[in-house]
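All remarks here apply to the structure that follows.
Each reported figure results from applying straightforward, stated rules to the coordinates on display, with no laboratory input. Keep in mind that what you see is a predicted model, and the values were worked out from it rather than measured. Methodologically, a virtual Cβ is constructed for each residue, glycine included, from the backbone with ideal geometry; neighbour enumeration extends over all protein chains shown.
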Amino acid sequence: MAKNKLISPFVKWVGGKRQLIDQISPVLPKDIAKLKYFEPFIGGGAVFFHLQNKHSTINDFNADLVNAYNVVKNNLDDLVASLKKHQNTSEYFYKLRELDRADDFVDLSPVEKASRLIYLNKTCFNGLYRVNNSGEFNSPFGNYKNPNIVNEPVLKAVSKFLADKDITILNGDYAEAVKEADDKSFVYFDPPYHPLSESSNFTGYVQGGWQEADQTRLKEVCDDLTSRNVKFLLSNSSTPFIKDLYKDYKISIIQANRAINSVGDKRGSVDEVLIKNYEWS
């Protein structure tokens, strides 16, 4: 069945896989379309939207992001109307950004929260979703002339896909999100990456960040899936720690162009790894 190209990420997320689809696709199971798909760190959902599996479970620890997925699925008309009211000015941007510092932020409706997240994502610098240790959004204004705040065709296509297919949307721990996976399932992990260096540790899209202990726990979840004959594929940075941690699995090196860096000459191609527990296609 032909895939709808409009079904694609409606937010830009750190470490998004849209540019790596051509490198990820060849190593997916050949029968991927027949398997139930799990993505416990959904982020922007590039792989999920590319595959468009009929039966899927997606999850993220970021409650605001998961709320946005649910609103796109269930309240599209109200969301689009809200998005059309936003202004592309610095003063308006910072006024909206500051809302999560106020006690009454919890009183915003799901539509208002989703609209705010999408607006900030489209207008902030580099589309970089980042929160501080208090969980407050802190990316600066991007000064873009014509940001595509209301991408109505994509939002409509995504909404229809999420509503028409058997898609479960969760907000919780990734290990819980894959508990129902069985030998007819496929799990794609795209967790916060292990830092390439001390200074490159970007984990700001999950309050509190990730440490080596978190990476080790994820590997233990992968071991459990393997013991249950569940196929998984995992993306991460190509560091000695990660390659040693997964030394008993199949590891492939791929090239990724990472553009999110404030220093232009530090943007460019970096090695990443694809790790899996099944035979190469």
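Test of understanding: what is the full-extension gain from Asn133 to Lys85, defined as 0.36 nm times their sequence separation minus their Cα-Cα distance?
14.3 nm
Under the rule of at least 5 residues apart or a separate chain, name every residue whose amide H is placed under 5 Å from the amide H of Thr168.
Under 5 Å from the amide H of Thr168: Ser56, Thr57, Ile58.
Angle between the Cα long axis of helix 152-164 and the longest principal axis of the chain, 0 to 90 degrees, nearest 10?
50
Which value in deg cm²/dmol, rounded to the nearest 500, describes the helix-derived mean residue ellipticity at 222 nm for the chain, given -39,500 (n - 2.57) per DSSP H run of n ≥ 4 and division by the residue count?
Taken over the chain, the calculation gives -9000 deg cm²/dmol.
Sort 177-184, 50-57 by the packing proxy (mean of other Cβ within 10 Å over each peptide's residues), most packed first.
Top of the packing list down: 50-57, 177-184.
Ordered by residue, what ³J(HN,Hα) values in Hz, to whole numbers, does the range 77-82 give under the Karplus form 6.51 cos²θ - 1.76 cosθ + 1.60, where θ = phi - 60° and Gly and Pro are x?
Going residue by residue, I get 4, 5, 5, 4, 4, 5 Hz, with x marking Gly and Pro.
Ranked by Cβ crowding within 10 angstrom, fewest neighbours first, how are Ile253, Ile7 ordered?
Arranged by neighbour count, lowest to highest, Ile253, Ile7 become Ile253, Ile7.
Note the full-extension length gain between Thr226 and Phe105 as 0.36 nm times their separation in residues minus their Cα-Cα distance, in nm to one decimal.
Between Thr226 and Phe105, full extension yields 39.4 nm more.
Taking H placed 1.01 Å from N in the peptide plane, check which residues at least 5 places from Val14 or on another chain put their amide H under 5 Å from its amide H.
Long-range HN contacts for Val14: Tyr129.
So for the range 53-192, averaging the separation of alpha carbon pairs under 8 Å that are six or more residues apart and normalising by length, what relative contact order in percent results?
Averaging sequence separation for qualifying contacts and normalising by length gives 40 percent for the range 53-192.
What number, in nm² with one decimal, is the all-direction average of the projected area of the convex hull of the alpha-carbon atoms of the chain?
14.7
Multiplying the sequence separation of Thr216 and Ala63 by 0.36 nm and subtracting their Cα-Cα distance, what value in nm do you get?
52.7 nm is the gain from fully extending Thr216 to Ala63.
For the range 68-152, list log₁₀ I(q)/I(0) at each q in 0.15 Å⁻¹, using the Debye formula over Cα point scatterers of equal strength and ignoring solvent, two decimals each.
The calculated log intensity ratios at q = 0.15 Å⁻¹ are -0.52.
For each pair in Lys3/Lys160; Lys17/Lys84; Lys30/Lys54, compute the distance between the two Cα atoms and list the pairs where it is over 20 Å.
From the list (Lys3/Lys160; Lys17/Lys84; Lys30/Lys54), the Cα-Cα distance tops 20 Å for Lys17/Lys84.
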